[in-house]
Amino acid sequence: MLRILEELGRYFLLLKKVFSKPEKPSIYYKQTMQELVYLGLNSVIIVAIISFFMGAVITLQTAYNTENPIYPTYLIGLGCRDSIILEFSSTIVALILAGKVGSNIASEIGTMRVTEQIDALETMGVNSASYLILPKIIATLLFNPFLTLMSIIIGILGGWIAGTSAGVITSEDFIYGIQYAFIPYYITYSLIKTLFFAFIITSVSAYQGYYVEGGSLEVGRASTKAVVRSSLLILLFNVILTQLLLS
């Protein structure tokens, strides 16, 4: 218990350091643009591929589980839409990014720590936490909602292609299903969760890397911890936010 409290204390102290005494705005702008490419654009392809196939699988599984003639076929499109918007494109994509982005952040900052580059920044009077971590947080908060919206569109497209190609639903019924009783707030709910998850992934992973002690072996362990802890917090906050936002 004391270990957990100590970790929490160090985490919040690091966040305080991240958001205090920032460097020149021009420096942050350049760093943020680089992080948008490194953490955001480089994740587009994997998110697009996974979203397409998950949309296809969700549609086919929904179709095979609603073969009862009592159920109208448009429920397949409706089920695909709600599954992707409410859960997949926010939570599952966040778990994927925790593995890809989180491990990159932890290993990058951890390597800078063990090679004493962070100590050199501190010696020059630079707020290393703010300089290294804040642009990453800003970049993910800006770009991850775009990834979520992209995932929703590609996932539904994948479901439509799979459903019509397999002959389990007509194009007209699928389109009617994704339009049926649509609640725009679900998109807002998904984007709110995405912002929370983006902050968790970036800050937790940066924390693990920033306080690495030792050598390259410890950097690898920090990357693993970053992925595991980010994933657990994403699942925890998924439950909390669902209760708060949808109840």
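The values are calculated or read from the model by the stated rules, or taken from the named source; none is laboratory data. The structure presented is a predicted model; accordingly, all values stated were derived computationally and were not measured. Here the Cβ is made from the backbone with ideal geometry for all residues, glycine too, and neighbour counts use every protein chain on show.
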Tell me yes or no: at least one residue of the range 185-196 is under 25 Å from Leu14 (Cα atoms) and either surrounded by 23 or more Cβ atoms within 10 Å (Cβ to Cβ) or in contact with a strand residue (DSSP E or B) (Cβ under 7 Å, 6 or more places away or on another chain) (or both). yes
Which ones in the range 68-87 are free of Cβ contacts under 8 Å to residues at least 40 places away in the same chain and aliphatic (A, V, I, L, M)? Ile70
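For (1) in a helix (DSSP H, G or I); (2) surrounded by 15 or more Cβ atoms within 10 Å (Cβ to Cβ), each residue gets a yes or a no:
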residue	(1), (2)
Gly214	no, no
Val219	yes, yes
Arg229	yes, yes
Leu244	yes, no
Restricting attention to the range 159-184, which residues are in a helix (DSSP H, G or I) and surrounded by fewer than 14 Cβ atoms within 10 Å (Cβ to Cβ)? Ser165, Ala166, Ser171, Glu172, Gln179
In the range 25-55, what residues are within 13 Å of Ser151 (Cα to Cα) and either touching a Cys at 6+ places or on another chain (Cβ under 9 Å) or of a type in the set (S, T, N, Q) (or both)? Ser43, Ser51, Gly55
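Going by what's in this entry, would Ser43 be described as in contact with a Ser or Thr (Cβ under 9 Å, 6 or more places away or on another chain), at negative phi and either among the small types (Gly, Ala, Ser) or not in a helix (DSSP H, G or I) (or both)?
Working: in contact with a Ser or Thr (Cβ under 9 Å, 6 or more places away or on another chain): no; at negative phi: yes; either among the small types (Gly, Ala, Ser) or not in a helix (DSSP H, G or I) (or both): yes.
So Ser43 fails the test.
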Somewhere in the range 55-67, is a residue free of Cβ contacts under 8 Å to residues at least 60 places away in the same chain, over 27 Å from Leu134 (Cα atoms) and not in a helix (DSSP H, G or I)? yes
Between Thr59, Thr73, Thr91, which is among the β-branched types (Val, Ile, Thr), closer than 27 Å to Ile201 by Cβ and surrounded by 13 or more Cβ atoms within 10 Å (Cβ to Cβ)? Thr91
Exactly one of (1) closer than 19 Å to Ser89 by Cβ; (2) assigned to a loop (DSSP other than H, G, I, E, B); (3) in contact (Cβ under 8 Å) with a residue 24 or more places away in the chain is unmet by Ser190. Its number? (2)
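Counting only residues that are of a type in the set (Asp, Glu) and closer than 28 Å to Ile92 by Cβ, which one in the range 1-46 is surrounded by the fewest Cβ atoms within 10 Å (Cβ to Cβ)?
Across the range 1-46, the extreme among qualifying residues is Glu7.
In the range 117-158, which residue that is among the hydrophobic types (A, V, I, L, M, F, W, C) and not in a helix (DSSP H, G or I) is surrounded by the fewest Cβ atoms within 10 Å (Cβ to Cβ)? Can you show your working first?
The initial filter retains those residues of the range 117-158 that are among the hydrophobic types (A, V, I, L, M, F, W, C), namely 118, 120-121, 124, 126, 129, 132-134, 137-139, 141-143, 146-147, 149-150, 152-154, 156-157.
Those left that are additionally not in a helix (DSSP H, G or I): 124, 126.
Working: Met124: 8, Val126: 16.
Ranking the qualifying residues of the range 117-158, first place goes to Met124.
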Selection status of Tyr186, hydroxyl-bearing (Ser, Thr, Tyr) and over 21 Å from Ala48 (Cα atoms): no
Run Ser90 past the list (1) without any contact (Cβ under 8 Å) to a residue 12 or more places away in the chain; (2) under 15 Å from Thr148 (Cα atoms) and report the number of the one that doesn't hold. (1)
Find all pairs meeting these conditions: Cβ atoms under 6 angstrom apart; at least six residues apart or on different chains; first residue within the range 107-135 and more than 18 Å from Gln34 (Cβ to Cβ) and modelled with pLDDT of 90 or more; second residue small (Gly, Ala, Ser) and assigned to a helix (DSSP H, G or I). Gly110/Gly209; Gly110/Ala222
Testing Phe52 on (1) farther than 30 Å from Arg221 by Cα; (2) at pLDDT below 95, one condition comes back false. Which one is that? (2)
Could you identify the single residue in Leu86, Leu97 that is crowded, with 20+ Cβ neighbours inside 10 Å and assigned to a helix (DSSP H, G or I)? Leu97
